[in-house]
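Below is one structure, written out as structure tokens; the observations come after it.
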Amino acid sequence: MNKTVLITGASRGIGKAIAFRFAREGFRTVLCARGEGELFRTRDQLLALGASCLAVTADVGKAEDCRRLFEEAQKAFGTVDILINNAGISHIGLLQDMTDTEWDSLLHTNLSSVFYCCRQAIPSMVAAQQGRILNISSVWGAVGASCEAAYSATKGGINALTKALAKELAPSNIQVNALACGAIDTAMNSFLSEEEEAALIDEIPAGRLGRPEEAAETAFRILSSPAYLTGQIITLDGGWQ
Ligand code: NDP
């Protein structure tokens, strides 16, 4: 396999599982996260499997970091064939209590990052007349969640951006979709108490949280589909919403 996939927020959770799924198929992987520890551990695990892997510390909420991320990816592996915008943070609380800093951080990390990374990736995809972009969204992007209004807004923004960009890029044979996850068992949900997790599971028809590997498998299958499958928000939530 001579293709490169760049995954943001790939040091743990869903992004890490996606990196392993693609590495198993022989893709070159470019991973990024803000922190070094987990990121370099993940890179070393992939290298130990014989995968080609580059890890770059970058804050995707910053345009300059995204520019450097793609520059380093290009230097190491050439063109990025697949971009997976996965990095994200959550914020739980009443909207009225949110500070400007919290709002800006959420908006930049979850939504501006998608713009910054797509802007870097698209020109070479258009030149090649092929490419794939998958944005990791949330079920809350369509239906909204109480005490997660700002988070829901960023994911709703991702959904709209996905649909619009798919129309813009379909003439260039570039696929753009979003994977809207329900509750997946990662560090993002580690704040839940045992009782809260049990109550959440009660609401999910599948009777459990999703596994990061299931999100990775779904991402892999979407990205292996014909480019004609584009502009879709595909939900993975155990029948929850
Ligand atoms: P985790 O918290 O487990 O992982 C998040 C990853 O993103 C980490 O690698 C983290 O590394 C990285 N990251 C966070 N902020 C930035 C940043 N500014 N720049 C670069 N990397 C960053 O979360 P999940 O794996 O659960 O979430 C992945 C995606 O899936 C997110 O977009 C999330 O919104 C979405 N999602 C998750 C759901 C769930 O239930 N888990 C449900 C629906 C959607 P570091 O902190 O070192 O930067």
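The values are calculated or read from the model by the stated rules, or taken from the named source; none is laboratory data. Only a predicted model underlies this, so the values are computations on that prediction, with no experimental measurement involved. Quick reminder, even Gly has a Cβ in these numbers, built from the backbone with ideal geometry, and neighbours come from all protein chains shown.
Listed here are the residues, each with its yes/no results for (1) out of contact with any Cys (no Cβ under 8 Å at 6 or more places or on another chain); (2) crowded, with 19+ Cβ neighbours inside 10 Å; (3) not in a helix (DSSP H, G or I).
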position	(1), (2), (3)
Ser105	yes, no, no
Ser113	no, yes, no
Ala121	yes, yes, no
Met125	yes, yes, no
Ala142	yes, no, no
Ala164	yes, no, no
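The number of residues in region 188-219 being outside any loop (DSSP other than H, G, I, E, B), surrounded by 11 or more Cβ atoms within 10 Å (Cβ to Cβ) and without any contact (Cβ under 8 Å) to a residue 60 or more places away in the chain comes to 10. Just one of the listed residues (Gly26, Gly93) is over 23 Å from Asn2 (Cβ atoms) and outside any helix (DSSP H, G or I), and it is Gly93. Taken as a whole, the structure leaves Gln175 outside the set of residues that are surrounded by 18 or more Cβ atoms within 10 Å (Cβ to Cβ), assigned to a helix (DSSP H, G or I), of a type outside the set (Gly, Ala, Ser) and in contact (Cβ under 8 Å) with a residue 24 or more places away in the chain. Taken over region 52-73, the criterion of being under 19 Å from Leu106 (Cα atoms) and of a type in the set (S, T, N, Q) is satisfied by Thr57 alone. For region 11-23, the set of residues classified as crowded, with 22+ Cβ neighbours inside 10 Å and not in a helix (DSSP H, G or I) consists of Ser11 only.
The residues of region 187-217 that are touching a Leu at 6+ places or on another chain (Cβ under 9 Å) and within 12 Å of the ligand (Cβ to nearest atom), listed by number, are Asn189, Leu192, Glu197, Leu200, Leu209, Gly210, Glu214, Ala215.
Exactly one residue out of Ala150, Ala127, Ala145 is without any contact (Cβ under 8 Å) to a residue 24 or more places away in the chain, more than 17 Å from the chain's Cα centre (by Cα) and under 26 Å from Asp237 (Cβ atoms): that is Ala145. Against the test of being more than 14 Å from the ligand (Cβ to nearest atom), outside any helix (DSSP H, G or I) and at pLDDT 95 or above, the options Val56, Val80 yield a single qualifying residue, Val80.
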